[in-house]
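One structure below.
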Amino acid sequence: MDKEIRLVFHNRGLRSYIEVDLCYECPRQDQKGCCAYYSPVFYPSDFVYWLKTKPDLIDYLFSLPHLTVLDASVTLNHVIDGLSYRCRFHSKESGCLLEQHNRESICRHFVCPGISWEKEPSLAHWKTFFDSLNDYEIKLNNQLADILKAQNLSLRNPTQRSEIFALLPAELERLTKDSPAFFSSCPEREEAVIIRPVSYGGEWPL
Ligand code: SF4
Ligand code: SF4
C-alpha cells in the first residue's frame, strides 16, 4: 500500500534533525520501531549542548546502569525487551524521552531505509547537508577527545567529569568559531512529502 510520508528537515547547524510523521505510527507496529535496535552514544558536542539546554540530563545519564563510558563518550546500552531490544530512553507510552534536538547524532538524522528519502532528487541538497554534518560532527568530537587526552582527562574517571564539562564548552566554541559553508546551504526548515509503499511488522526494513 502506498502512503504519503511527510518529512520536515531542520537546519540548526550542529543540532540539525529530521522529523518524520510515519514514526508516530511506525510500520513495525511494535511501538518502538528503530529504537528497538539502537544504543545511543553521546559525544562531547552533545554534552556541551545539554549544558546549555538541559544540564540535568548529564547527571541523569551518568546515574543509569549498564553504560559504556569511554574517555570521551558514553553509550546507553539497550536492554532485552520481548523478542528484540529497546533503547532505555524509549517508552512505549511516549516514545523517546529526549526532544529531537537533544538527541545524539544518529537519533537526530536517522530515517529508516523503508523511507529512503535520500533517493529523491529534489532532496539532494539535504543529503549533502546531512552527510557533511555527519563528517563535521565526527571531526569535532575527535578534536575534543584529543584535547581531553592531551590534558589526561577522561570521562571514565568520575572525579574529572566536572572539570571536563567546565572545559568543553569553550573548546567547542573555539573549534566552531567559523561556521562551515554547508551550514548555509539549506534553509532553516523545509517540508517534503514523498510517497512510498509501506509494509508492516517485520517486513518493514530498518
Ligand atoms: S523504523 Fe522508520 S518509521 Fe519506524 S520509527 Fe524508525 S524511522 Fe520512524
Ligand atoms: S535516544 Fe531516543 S531516538 Fe535514540 S534510540 Fe533512544 S529512544 Fe530512540
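Of the residues ARG174, ARG196, only one is of a type in the set (Lys, Arg) and closer than 30 Å to CYS34 by Cβ; which?
One residue alone meets the criteria, ARG196.
Among the numbered criteria (1) of a type in the set (D, E, K, R); (2) more than 13 Å from ligand 2 (Cβ to nearest atom); (3) at pLDDT below 95, which one does ARG6 miss?
The one condition ARG6 does not meet is (3).
Taking only the stretch 23-53 into account, find how many residues are buried (at least 16 other Cβ atoms within 10 Å of the Cβ) and either in contact with a helix residue (DSSP H, G or I) (Cβ under 9 Å, 6 or more places away or on another chain) or part of a strand (DSSP E or B) (or both).
Selection size over the stretch 23-53: 21.
All but one of (1) within 26 Å of ARG196 (Cα to Cα); (2) within 13 Å of ligand 2 (Cβ to nearest atom) hold for PRO40; state the number of the condition that does not hold.
Condition not satisfied by PRO40: (1).
Which ones in the stretch 1-22 are out of contact with any strand residue (DSSP E or B) (no Cβ under 8 Å at 6 or more places or on another chain) and either within 9 Å of ligand 1 (Cβ to nearest atom) or in a helix (DSSP H, G or I) (or both)?
Scanning the stretch 1-22 gives GLY13, LEU14, ARG15.
Find all pairs meeting these conditions: Cβ atoms under 9 angstrom apart; at least six residues apart or on different chains; first residue within the stretch 72-83 and more than 11 Å from TYR37 (Cα to Cα) and more than 16 Å from ligand 1 (Cβ to nearest atom); second residue outside any loop (DSSP other than H, G, I, E, B) and among the hydroxyl-bearing types (Ser, Thr, Tyr).
Hits for this filter: VAL74/THR68; THR75/THR68; LEU76/THR68.
Give me a count of the residues in the stretch 96-126 that are assigned to a helix (DSSP H, G or I), under 22 Å from TRP204 (Cβ atoms) and more than 10 Å from ligand 2 (Cβ to nearest atom).
So the answer is 5.
Would a scan of the stretch 144-155 turn up a residue that is within 30 Å of ALA36 (Cα to Cα), in contact (Cβ under 8 Å) with a residue 12 or more places away in the chain and outside any helix (DSSP H, G or I)?
yes
Might you let me know whether the stretch 85-95 holds any residue that is touching a strand residue (DSSP E or B) at 6+ places or on another chain (Cβ under 8 Å), part of a helix (DSSP H, G or I), at pLDDT 95 or above and surrounded by 13 or more Cβ atoms within 10 Å (Cβ to Cβ)?
For the stretch 85-95, residues touching a strand residue (DSSP E or B) at 6+ places or on another chain (Cβ under 8 Å), part of a helix (DSSP H, G or I), at pLDDT 95 or above and surrounded by 13 or more Cβ atoms within 10 Å (Cβ to Cβ): absent.
Are there any pairs with C-beta distances below 9 angstrom linking a residue in the stretch 103-119 that is among the polar types (S, T, N, Q) to a residue that is part of a helix (DSSP H, G or I), with the two at least 6 apart or on different chains, and if so which?
Close Cβ pairs (under 9 Å, with a partner that is part of a helix (DSSP H, G or I)) amount to SER105/SER45; SER105/ASP46; SER105/LEU133; SER105/ASN134; SER105/GLU137; SER105/ILE138; SER105/ASN141.
Just one of TYR49, TYR60 is modelled with pLDDT of 95 or more and within 17 Å of the chain's Cα centre (by Cα); which is it?
The unique qualifying residue is TYR49.
What's the number of the only condition in (1) surrounded by fewer than 16 Cβ atoms within 10 Å (Cβ to Cβ); (2) under 18 Å from PRO158 (Cα atoms) that SER73 fails to meet?
(1)
The values are calculated or read from the model by the stated rules, or taken from the named source; none is laboratory data. Here the structure is a predicted model, which is why all the values come from computation and not from measurement. Note: ideal-geometry Cβ built from the backbone for every residue, glycine included; neighbour counts use all protein chains shown.
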